[in-house]
Amino acid sequence: MKLERLLSIIILLLNRRMVQAKELAERFEVSIRTIYRDIEAINGAGIPIVTYQGTNGGIGLAEGYRLDRNVLTNDELAAIFTALRSISTSYGNEQHRHLMEKINSVVPPQYSEEFQHKASRVLIDYSPWDGNERLRPKLQLLKEAVDSCRIAGFIYSNAEGVVSHRIVEPHMLIMKGRQWYLKAYCQTKEQFRLFKLKRMKELEIAPERTFIRRELPMQEGTTGQSPSSPSKVTEFVLRFRADSRHLAEEWFGIEELVPLDDGSWQVRKAYPEDEWLYRFILGLGHRAEVLEPLHLREIIASRAEQAANIYRIDKPT
């Protein structure tokens, strides 16, 4: 989010001689203090920005300075445009739309058609099939809390169904596997935790309570980990029916499939063993069978039997 804001400020200053810090703060919905920190960051990157005092003063590029257009090629601008358009499918706001308009405005007319073609080659749609209208208010509130370093409170139900009230210091919003998470320092647990937004309710931001951002430990600063940080990773083997090759390819990729003598297909993978894995395997239905390990096979068999019992015709009423 900060990178988008910095790029947007640079493009704005390229197109306008001067702009006031207050206007920038209102446009990007941050404090004036944050804007001045952004200006320092831009200066540190080698783009000279000058602050002019007085009633007609403001912030502008140093006199005579022009950003070489070759700093960003048409391909790079198209890549940024594509990324913003893709992100907007799940996390759209006015800043994204304004920035896309500005990127369009700096492309010379003679390259406009080529640019539009390159920017339209790929769209990564992060939006869920059922929409995310209920998540948007949470995302907006938490974005404001992250930007302004405000304490947040909410009722949270974890993966085991345990409900608790949490008071946290929001540091980062993360999308992983089409799910939104909040990376925050939990004051109760006194450590950084990941919270799934769908498991939050009664979210409130305390306008009068602020915090000083903490430095994320190296391992916490990455998003490559599973959000639930499971301690157990299980290697398992699935056998897909001969007529279900397309399903195996869809989930695991054609390179992972090993043909068996009876025409079926085998896949060997290692995933964190948790409720998600059980639900995933059960979702494959009769088209896939767990061959190993034994304990995972028994868990899936037990759960499948419980589900079948619900639909028994002769079940007593």
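Observations, loosely collected:
- Of the residues making up region 165-197, those that are among the aliphatic types (A, V, I, L, M) and over 13 Å from the mean Cα position of the chain (by Cα) number 3.
- Evaluation of Ala62 against (1) in contact with a Lys or Arg (Cβ under 7 Å, 6 or more places away or on another chain); (2) without any contact (Cβ under 8 Å) to a residue 60 or more places away in the chain; (3) not acidic (Asp, Glu) (one fails), failing number: (1)
- Subset of region 1-29 [modelled with pLDDT of 80 or more, of a type outside the set (A, V, I, L, M) and either touching a Phe, Trp or Tyr at 6+ places or on another chain (Cβ under 9 Å) or not in a loop (DSSP other than H, G, I, E, B) (or both)]: Arg5, Ser8, Lys22, Glu23, Glu26, Arg27, Phe28
- Among the residues of region 276-292, those identified as open to solvent by 30 Å² or more (accessible area, probe 1.4 Å) and not charged (D, E, K, R) are Trp276, Leu282, Gly283, Gly285, His286, Leu291.
- Selection count, region 203-252, where residues are among the hydroxyl-bearing types (Ser, Thr, Tyr) and modelled with pLDDT of 90 or more: 3
- Contact map, region 296-307: first residue touching a residue at least 12 places away in the same chain (Cβ under 8 Å), second residue outside any helix (DSSP H, G or I), Cβ cut-off under 6 Å, separation 6 or more or different chains; pairs are Leu296/Phe236; Leu296/Val290; Ile300/Val290.
- One residue stands out among those in region 265-275 that are exposed (fewer than 15 other Cβ atoms within 10 Å of the Cβ) and touching a strand residue (DSSP E or B) at 6+ places or on another chain (Cβ under 8 Å): the one that is farthest from Arg245 (Cα to Cα), which is Ala270.
- Here is the figure for region 30-53: residues that are open to solvent by 60 Å² or more (accessible area, probe 1.4 Å) and part of a loop (DSSP other than H, G, I, E, B) total 2.
- Matching option when the condition is within 22 Å of His171 (Cβ to Cβ) and open to solvent by 30 Å² or more (accessible area, probe 1.4 Å), among Leu7, Leu14: Leu7
- Sub-8 Å Cβ pairs linking a first residue in region 89-117 that is closer than 21 Å to Arg136 by Cβ to a second residue that is modelled with pLDDT under 70 and in a helix (DSSP H, G or I), at least 6 apart or interchain, are His96/Ile87, ordered by first then second residue.
- Residues of region 56-102 that turn out to be more than 28 Å from Glu144 (Cβ to Cβ), surrounded by fewer than 14 Cβ atoms within 10 Å (Cβ to Cβ) and modelled with pLDDT under 70, as a count: 7
- Test: residue in region 274-291 that is at pLDDT 95 or above, farther than 27 Å from Leu182 by Cα and in contact with an Asp or Glu (Cβ under 6 Å, 6 or more places away or on another chain): no
The values are calculated or read from the model by the stated rules, or taken from the named source; none is laboratory data. On a predicted model such as this, the values are computed, not experimentally measured, just so you know. In this analysis, Cβ positions are derived from the backbone assuming ideal geometry, glycine residues included, and neighbour counts consider all displayed protein chains. To get the accessible areas, we keep the full protein, side chains included, count just its heavy atoms, and leave off ligands, DNA and RNA. Shrake-Rupley method; radii C 1.70, N 1.55, O 1.52, S 1.80 Å.
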